[in-house]
Amino acid sequence: MGEPLYRRVVVKISGEYLAGAQPFGIDQSVLDRVASDVIDATARGIEIALVVGGGNIFRGVDVSSRGVSRPTGDSMGMLATVMNCLALESAIERKGKSARTLCALVMPQVCELFTRKTALRYLSEGRVVLLAGGTGNPFFTTDTTAVLRASEIGAQAVLKATNVDGVYSADPKVDKNAKRFERLTHSQAIEGGYKVMDATAFALARETSLPIIVFSIAESGSIGAILDGTGRGTIVAG
Ligand code: UDP
């Protein structure tokens, strides 16, 4: 067998995905399946850090109509990511794999503060690391968090899990003529304005020369397949 494609990756899981068919919250069966997929992927000896979104519970942009400022709304969104990380940490540990949540926000009674060194130590000990609280700043997203943390910890790629098998020229669920891209540069992804990931995330990835692989997590084993190089996804790189 040749060298594995990656030694360390960051996998981004959207909060919305964790809701399953529910309008909000966490679907336990989805959570358990994601946990199994992550554990299966680590069996390759690859270090995996997870960034989990919060859209299934709260998004900062949704609060302007409720008299809450955007920064306060974003704080609520970041807290939602902590809830999701703790739920996924528990699901992973219930299945027998050690996991640790590290948070960008200080909340010592709940979980440890993220530092690069702590994340690297836990990863080297074979634990799954969950990165909660986004970047810790308003006006950012967990997509940008994934790229930021991957760059900080020297990950070789961000695996962006979605409901579709890559980046399309338009929403493939709405437009049957939407074209799927096999490969894009970061600049093409930004210029195309594709909805799959925000431009800030692509711009930071361009700056740090970090590949992003956009793939569907709908099938069991999809994270492992991407790591093996047999999965289907769009590579955004160079
Ligand atoms: N958020 C933030 N700063 C960050 C990351 C997230 O303020 O660095 C807030 C923001 O309000 C966002 C919410 O947390 O809407 C949930 O994150 P995101 O929308 O990325 O979740 P996803 O779409 O992946 O479920």
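The values are calculated or read from the model by the stated rules, or taken from the named source; none is laboratory data. None of these values were measured; they are calculated from a predicted model. Glycine gets a Cβ as well: all are built from the backbone with ideal geometry, and neighbour counts include every protein chain shown.
Worth pointing out:
- Selected residue [under 27 Å from Leu5 (Cβ atoms) and either surrounded by 15 or more Cβ atoms within 10 Å (Cβ to Cβ) or acidic (Asp, Glu) (or both)] from Thr185, Thr141: Thr141
- Subset of the range 12-32 (residues that are crowded, with 16+ Cβ neighbours inside 10 Å, under 16 Å from Ser216 (Cβ atoms) and more than 12 Å from the ligand (Cβ to nearest atom)): Val30
- When residues of the range 59-74 are limited to those that are near the ligand (Cβ under 7 Å from one of its atoms) and more than 16 Å from the chain's Cα centre (by Cα), the one surrounded by the fewest Cβ atoms within 10 Å (Cβ to Cβ): Val61
- On the stretch given as the range 186-206, residues that are closer than 18 Å to Thr142 by Cα and without any contact (Cβ under 8 Å) to a residue 12 or more places away in the chain total 2.
- In the range 150-177, residue farthest from the chain's Cα centre (by Cα) [restricted to those that are part of a loop (DSSP other than H, G, I, E, B) and within 19 Å of Gly15 (Cβ to Cβ)]: Val164
- Residues that are loosely packed, with under 14 Cβ neighbours inside 10 Å and not in a loop (DSSP other than H, G, I, E, B) were ranked within the range 188-208; the one that is nearest to the chain's Cα centre (by Cα) is Glu207.
- Selection status of Asn84, out of contact with any Phe, Trp or Tyr (no Cβ under 8 Å at 6 or more places or on another chain), under 25 Å from Ile212 (Cα atoms) and surrounded by 14 or more Cβ atoms within 10 Å (Cβ to Cβ): yes
- Those residues of the range 209-230 which are surrounded by 15 or more Cβ atoms within 10 Å (Cβ to Cβ) and under 12 Å from Ala157 (Cβ atoms), in sequence order: Leu210, Pro211, Ile212, Ile213, Val214, Phe215, Ile223, Ile226, Leu227
- When Leu113, Leu102 are screened for being in contact with a Cys (Cβ under 8 Å, 6 or more places away or on another chain), more than 20 Å from Val9 (Cβ to Cβ) and modelled with pLDDT of 95 or more, only Leu113 passes.
- Cβ-Cβ distances below 9 Å connect the following pairs, each with a first residue in the range 165-185 that is at positive phi and at pLDDT 95 or above, a second residue that is of a type in the set (D, E, K, R) and surrounded by fewer than 16 Cβ atoms within 10 Å (Cβ to Cβ), and a separation of six or more residues or different chains: Gly166/Arg180; Gly166/Glu182; Gly166/Arg232.
- Single residue of the range 82-120 satisfying the filter (closer than 19 Å to Leu148 by Cβ and part of a helix (DSSP H, G or I)) that is nearest to the ligand (Cβ to nearest atom): Asn84
- Any chance Ser220 is of a type in the set (Ser, Thr, Tyr), assigned to a loop (DSSP other than H, G, I, E, B) and in contact (Cβ under 8 Å) with a residue 60 or more places away in the chain: yes
- Checked against the criterion of being buried (at least 20 other Cβ atoms within 10 Å of the Cβ), touching a residue at least 60 places away in the same chain (Cβ under 8 Å) and under 19 Å from Ala87 (Cα atoms), the candidates Ala132, Ala150, Ala157 yield just one match: Ala132.
- Scanning the range 121-132 finds one or more residues that are away from the ligand (no atom under 16 Å from the Cβ), modelled with pLDDT of 95 or more, closer than 15 Å to Val10 by Cβ and part of a helix (DSSP H, G or I).
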